[in-house]
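What follows is a short report on a single structure.
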């Protein structure tokens with residue numbers, strides 16, 4: 001079987017092998033187990049591989065490079081309009097030669113893929129919509145357009161669309177899905193964490209306005225002002241690192257907040273295992289893997305009410321849902337820390353729930369999608 005993957009993910013090449021963002025590539029390697037030949041249509045740039053990258057694992061990868069594009073500025077729009085015809089022809093050729101078409105959405109390449117796949121109504125297709133499928137969410141026009149095309153069964157034929165969460169009034173081609181990080185063999189006993197002594201918090205993600213790492217810092221800072229012994233380890237890089245460094249210095253938090261940068265999966269696993277809480281005050285999510293990973297290791301999530309996060313947290317029974325009122329949110333955390341039995345109960349529920357979603361289950365469901 002020949003699989004064509006259409007994605008906006010930036011790729012690199014090293015020693016003849018292609019690599020990309022590690023969580024995405026790790027998932028795609030599961031899809032590649034069930035195909036004989038794969039064509040990847042994506043941007044290819046001269047980037048240095050680091051701890052957040054991984055290699056594809058397949059013997060027959062054909063990479064077709066296309067330019068990354070966006071419509072943010074007038075210049076970028078004019079450039080994109082010049083590039084689009086050639087990109088769409090490239091997509092058409094890749095889809096024509098494939099037995100199965102797989103789109104990665106949302107993204108600019110995903111939008112083009114949504115349009116071009118209309119010319120192949122009889123071919124089996126899947127789309128992984130890794131963003132927020134909530135129909136009431138405020139999103140860019142391109143995201144809303146992709147959602148409309150994918151869910152329109154008159155236009156889009158023979159397509160299964162994998163989304164995070166279950167949503168009312170969805171068309172029959174919309175399939176609730178999930179993302180996994182660990183295998184059955186990775187399961188280890190989770191030791192209860194005492195709430196006496198230092199409370200350890202984590203933030204894992206891009207240091208961007210959308211992820212709001214500063215709000216995580218302010219939560220922990222406020223707990224410290226209330227007299228709690230706390231620490232926050234921040235894993236990730238991004239545009240807001242300088243702002244975080246300035247805030248930490250200005251508020252004398254050097255012994256409380258620690259910026260760890262990008263780290264590999266083993267380092268993050270160890271951080272989850274020793275921490276009480278993982279904070280994700282994000283403005284937009286699909287299936288936030290850091291929440292599922294934290295729960296897997298008994299690190300209780302404190303997260304915003306976006307996408308399927310309330311479902312993941314069982315509306316507060318498996319974590320804390322943020323209100324984005326600093327005093328209210330700090331009081332929620334403080335109240336839970338004063339009830340160790342309730343905290344341990346939430347942790348147990350979180351561990352039990354998250355460990356249903358292993359890579360083994362994930363792989364079997366992908367196999368069924370590819371082979372049917």
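Where a number appears in this text, it was derived from the coordinates with a stated rule and is not lab data. This is a predicted model, so every value here is computed, not measured. When we count neighbours, we look across all protein chains shown, and the Cβ atoms used for this are built from the backbone with ideal geometry, even at glycine.
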| request: Return the distance in nm (one decimal) between the two label points of a simple spin-label model at residue 73 and residue 226, each offset 7 Å from Cα along Cα→Cβ. | output: 4.5
| What span do the alpha-carbon atoms of the chain cover on each of the three principal axes, reported in whole Å from largest to smallest? | 63, 43, 43
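Let me make sure I get this right: for segment 185-354, a, b and c are the square roots of the gyration tensor eigenvalues over alpha carbons, sorted descending. Under 1.5 in a/c it's rounded, otherwise prolate if a/b > b/c, else oblate. Which is it?
rounded
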| remark: Expected unfolding gain across residue 170-residue 246 under the 0.36 nm per residue rule, minus the alpha-carbon gap, is 22.8 nm
| Taking every DSSP beta bridge that has both residues in the chain, what percent is antiparallel when rounded to the nearest 5? | 10
| remark: With the label point 7 Å along the Cα-to-beta-carbon line of residue 65 and a cut-off under 20 Å to each amide N, the hits in segment 1-18 are 5-18
| Using a Förster distance of 25 Å, the FRET efficiency for residue 356-residue 273 (Cβ separation, nearest 0.05) | 0.80
| task | Calculate, for residue 17 and residue 338, the FRET efficiency according to 1/(1 + (r/R0)^6) with r their C-beta to C-beta distance and R0 45 Å; round to the nearest 0.05. | result | 0.30
| query | Helix-derived [θ] at 222 nm for the chain: sum -39500 (n - 2.57) over DSSP H runs of at least 4, divide by residue count, nearest 500? | reply | -11500 deg cm²/dmol
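Sort 45-55, 315-325, 299-309 by packing, meaning the average of other beta carbons within 10 Å per residue, with the highest value first.
Result, highest mean Cβ count within 10 Å first: 299-309, 315-325, 45-55.
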| request: Grab the beta carbon distance between residue 1 and residue 323, set R0 = 45 Å, and tell me the FRET efficiency rounded to 0.05. | output: 0.40
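Evaluate 2.2 N^0.38 Å with N set to the residue count of segment 1-67, then give the Cα radius of gyration divided by it.
Cα-based Rg divided by the globular estimate yields 1.01.
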| query | Classify segment 122-207: rounded, prolate or oblate, from the alpha-carbon gyration tensor (a ≥ b ≥ c, eigenvalue square roots; a/c under 1.5 rounded; otherwise prolate if a/b is larger than b/c)? | reply | prolate
| request: For segment 188-266, just say rounded, prolate or oblate: build the C-alpha gyration tensor, square-root its eigenvalues into a ≥ b ≥ c, call rounded for a/c under 1.5, and beyond that prolate if a/b exceeds b/c, oblate if not. | output: oblate
| remark: Measuring from the longest principal axis of the C-alpha atoms of the chain, the long axis of helix 241-250 (C-alpha) lies at a number of degrees, nearest 10, equal to 10
| task | Enter the angle in degrees (range 0 to 90, nearest 10) between the Cα long axis of helix 340-354 and the first principal axis of the Cα atoms of the chain, meaning the one along which they spread out most. | result | 10
| message | Compute the helix-to-body angle for 22-32: its Cα long axis versus the longest principal axis of the chain, expressed 0 to 90° and rounded to tens. | response | 40
| remark: Distance in Å, no decimals, from the C-alpha centre of segment 88-106 to the one of segment 239-274 is 40
